[in-house]
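Below is one structure, written out as structure tokens; comments come after it.
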Amino acid sequence: MSHLDGNVLAGVSAEVFAFDTTTATGQCAACQDVAALAQALVYGAPMGFVARCRNCLAILVVIVERPTGTRLDLRGLQWVSTPADDRPGTSPGSAVPVSAPRGGL
């Protein structure tokens, strides 16, 4: 199965986040690789997307689109950092820790 780059997540993630996720940086929980989310290997499916680490191929992000809204699972990321200009009142390099959701998608 061929993959897309992480830029494909821009549209669907805009429904959940107030910042451009393609400019965000994250750390893989499995191998500790730090990279822009735009560098993730993304596999699309009719119901959503799976983003995998560019280094170890662990699942970083799962996005499922449902009639009732968009569900996002970030448990493959240790943290996410966005450029300061994407978040008012923050400084460059501010990281947002990611905690595992309670329950499944």
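Name the single residue, out of those in the stretch 24-43 being of a type outside the set (G, A, S) and part of a strand (DSSP E or B), that is surrounded by the fewest Cβ atoms within 10 Å (Cβ to Cβ).
V34
Among the residues of the stretch 1-42, count how many are at pLDDT 70 or above, under 12 Å from T82 (Cβ atoms) and of a type in the set (A, V, I, L, M).
So the count comes out to 3.
For V62, indicate whether it is assigned to a strand (DSSP E or B), within 20 Å of S2 (Cα to Cα), touching a strand residue (DSSP E or B) at 6+ places or on another chain (Cβ under 9 Å) and β-branched (V, I, T).
In short, yes.
Any idea how many residues of the stretch 57-105 are modelled with pLDDT of 55 or more, farther than 22 Å from V34 by Cβ and of a type in the set (A, V, I, L, M)?
Final tally of qualifying residues: 1.
The values are calculated or read from the model by the stated rules, or taken from the named source; none is laboratory data. Owing to the predicted nature of the structure, the values given are computational and were not obtained by experimental measurement. Virtual Cβ from ideal backbone geometry, glycine too; neighbours counted across all protein chains shown.
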